[in-house]
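> Mind having a look at this structure? Questions to follow.
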Protein chains: 2
Amino acid sequence: MGRWEPNARGRLEEAAMNLFQERGYDRTTVEEIAARAGLTERTFFRYFADKKEVLFGGAGELRRLITSTITDAPEETSPLEAVAAALDATAPVFKERRDYARARQGLIVAHAELRERELIKLADLASAAADALRGRGVTEPAASLTAEAGIAVFKVAFERWVEDPKSQDLSQHLRSTLDELRAVTASTGTANPPQPVKRAKAPRR
Amino acid sequence: MGRWEPNARGRLEEAAMNLFQERGYDRTTVEEIAARAGLTERTFFRYFADKKEVLFGGAGELRRLITSTITDAPEETSPLEAVAAALDATAPVFKERRDYARARQGLIVAHAELRERELIKLADLASAAADALRGRGVTEPAASLTAEAGIAVFKVAFERWVEDPKSQDLSQHLRSTLDELRAVTASTGTANPPQPVKRAKAPRR
DNA sequence: GAAGGTGATGGCAGCAACTGACATCAAGGG
DNA sequence: CCCTTGATGTCAGTTGCTGCCATCACCTTC
């Protein structure tokens, strides 16, 4: 297959992660990553579309997990429950690599460019979930909304999980956050006329 | 103030938008933008952190609008309602520039880098909304979740508004989408006492 | 009204991310 | 043993972006 050692992609990912932690993300050059992996810069860009992408290798796996979980859910499962089950299905992936996930998240929150990439990956997961819901017959406004709401739950729950000093399970965070979403949306809902809110004055920031 | 013509920032934004539509985003160079605005590349980067940012000049205004609307909402207003009012407060901003908003959105959906930027701007709005909610005494899991859910509503509603051939108001889209969110989250819960859900459907489309 | 300060702009050099075109090498098949 | 194939290397070039310093317009101040 390859020319030299196998698993070039994995070597690049590992070299990148190590270098990012040693010198920081932006003081690490792609050439250095490639060199540590025993490859060249050009080869790096054959495996990853750009420098950021080397930190998001698992996105495809998550997408498949979510899609299949929603698709395979029992027919009577409600859309939101199906999405919740899909998010829960991803929990083990993170549980096994909690340290890696933490280190990675530390990098992401510290670099706006990486946060952007993370957000588009999450949006992609939402899109995949919406597709899967439509495959179950959920009609359009509801499908996208349920998927987006699910991702919102995931974002909040994941953040709390990473910050959680005691290793409470991600699944538990997901469940309680979902309950919180239900509570927050269930309250004084007027399905009909949301009266125009009178704003006081110009933003005095 | 300036050296020559005033409003360098505005000239750069306009030149950029025009060039993006003429040649496309990635076949337009920053040097060309600056030249059309009668400036140099170096000056462009004094006004905008990077090439993408020239399309997101209004973000600060939106942020202030959302923050002040939530802060100034009557005390008895529920968190979700306050967020909904804040989103609604942004509608006029888009209404006045519907054509610009459409053209801009066309560029954004066509370029992943711009979608990333848009997502982080939305996340920033969510963060601002969460801050404002906390300022009203909303405790933490709820504040972030309500803000994120609100942004999810905004994303879906805005998308539908842009695609809407007949110019239905963004406010209307926001309202119906919020109702849809309530409907979708209200159904068969887990920990919560699931109340029998009888809900009129939001406008089906 | 001449001197000096200030803020915006230009000019230039340079780095690093990324790309296209082409050469080269390892491995397997016929 | 040659030839195909896929992964890798090499090289040149573009572009986004930054640091540093000079320059210019405008304003203040004496």
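> Exactly one condition in (1) within 12 Å of DNA strand C (Cβ to nearest atom); (2) surrounded by fewer than 19 Cβ atoms within 10 Å (Cβ to Cβ); (3) on the phi < 0 side of the Ramachandran plot is false for B:TYR100; which is it?
(1)
> Further question on the same structure: For the condition under 21 Å from A:ALA183 (Cβ atoms), part of a helix (DSSP H, G or I), more than 10 Å from chain A (Cβ to nearest Cβ) and in contact (Cβ under 8 Å) with a residue 40 or more places away in the chain, what is the one hit in B:ALA129, B:ALA142?
Only one candidate qualifies: B:ALA129.
> Among the residues of segment A:11-26, is any closer than 29 Å to A:PRO92 by Cα, surrounded by fewer than 18 Cβ atoms within 10 Å (Cβ to Cβ) and among the charged types (D, E, K, R)?
yes
> Given the condition part of a loop (DSSP other than H, G, I, E, B), in contact with a helix residue (DSSP H, G or I) (Cβ under 6 Å, 6 or more places away or on another chain), among the aliphatic types (A, V, I, L, M) and more than 12 Å from DNA strand D (Cβ to nearest atom), answer yes or no: does some residue in segment B:74-82 qualify?
The answer is no; no qualifying residue exists.
> Still on this structure, please answer the following. Looking at the structure I just gave you, is A:ALA82 of a type in the set (A, V, I, L, M, F, W, C), surrounded by 14 or more Cβ atoms within 10 Å (Cβ to Cβ) and either at the interface with another protein chain (Cβ under 10 Å from one of its Cβ atoms) or within 16 Å of DNA strand C (Cβ to nearest atom) (or both)?
no
> Got a number for residues in segment B:1-35 being in contact (Cβ under 8 Å) with a residue 60 or more places away in the chain and of a type in the set (Val, Ile, Thr)?
Here the count works out to 0.
> Right, another one. Quick one: is B:LEU87 in the same structural domain as B:ALA128 (by TED's automatic domain parsing), more than 16 Å from DNA strand C (Cβ to nearest atom) and either surrounded by fewer than 18 Cβ atoms within 10 Å (Cβ to Cβ) or in contact (Cβ under 8 Å) with a residue 60 or more places away in the chain (or both)?
So B:LEU87 passes the test.
> Continuing with this model, one more query. Mind listing just one residue for me: the one in segment B:34-47 that is surrounded by fewer than 20 Cβ atoms within 10 Å (Cβ to Cβ) and part of a loop (DSSP other than H, G, I, E, B) and, of those, farthest from DNA strand C (Cβ to nearest atom)?
B:GLY38
> Take A:VAL93 and decide whether it is in a helix (DSSP H, G or I), within 26 Å of A:LEU19 (Cβ to Cβ) and out of contact with any strand residue (DSSP E or B) (no Cβ under 7 Å at 6 or more places or on another chain).
Working: in a helix (DSSP H, G or I): yes; within 26 Å of A:LEU19 (Cβ to Cβ): yes; out of contact with any strand residue (DSSP E or B) (no Cβ under 7 Å at 6 or more places or on another chain): yes.
For A:VAL93, the condition - in a helix (DSSP H, G or I), within 26 Å of A:LEU19 (Cβ to Cβ) and out of contact with any strand residue (DSSP E or B) (no Cβ under 7 Å at 6 or more places or on another chain) - is met.
> Same structure again: For segment B:109-120: of the residues being touching a Phe, Trp or Tyr at 6+ places or on another chain (Cβ under 9 Å) and surrounded by fewer than 20 Cβ atoms within 10 Å (Cβ to Cβ), which is nearest to the other protein chains (Cβ to nearest Cβ)?
Within segment B:109-120, the match that is nearest to the other protein chains (Cβ to nearest Cβ) is B:GLU113.
> Test of understanding: among A:ARG23, A:ARG104, which residue is in the same structural domain as A:SER127 (by TED's automatic domain parsing) and away from DNA strand D (no atom under 16 Å from the Cβ)?
Just a single option satisfies the conditions, and that option is A:ARG104.
> Please go through segment B:133-149 and give me each residue that is aliphatic (A, V, I, L, M) and crowded, with 23+ Cβ neighbours inside 10 Å, ordered by number. Break it down into steps so the answer makes sense when it comes.
Initial filter on segment B:133-149 (aliphatic (A, V, I, L, M)): B:133, B:138, B:142-143, B:145, B:147, B:149.
Of everything in segment B:133-149, those that are aliphatic (A, V, I, L, M) and crowded, with 23+ Cβ neighbours inside 10 Å turn out to be B:LEU133, B:ALA143, B:LEU145, B:ALA147, B:ALA149.
> To continue, here is another question. Under 6 Å between Cβ atoms, at least 6 apart or on separate chains: pull out the pairs that start in segment B:36-49 with a residue that is assigned by TED's automatic domain parsing to the domain that holds B:LEU19 and end on any residue that is near DNA strand D (Cβ under 10 Å from one of its atoms).
Cβ pairs passing all conditions: B:THR40/B:ALA34; B:GLU41/B:VAL30; B:GLU41/B:GLU31; B:GLU41/B:ALA34; B:PHE44/B:VAL30; B:PHE44/B:ALA34; B:PHE48/B:VAL54.
> Being within 14 Å of DNA strand D (Cβ to nearest atom) and in contact (Cβ under 8 Å) with a residue 60 or more places away in the chain is the filter here, so list the residues in segment A:50-73 that pass it.
If the condition is that a residue be within 14 Å of DNA strand D (Cβ to nearest atom) and in contact (Cβ under 8 Å) with a residue 60 or more places away in the chain, then A:LYS52 is the only one that fits.
> Would you be able to say whether some residue in segment A:48-62 is within 13 Å of DNA strand C (Cβ to nearest atom), more than 29 Å from A:ILE151 (Cβ to Cβ) and modelled with pLDDT of 95 or more?
No, segment A:48-62 has no match at all.
The values are calculated or read from the model by the stated rules, or taken from the named source; none is laboratory data. Quantities reported herein were computed from a predicted structural model and do not represent experimental measurements. Please note: Cβ atoms are built from the backbone with ideal geometry, for glycine as well, and neighbour counts cover all protein chains shown.
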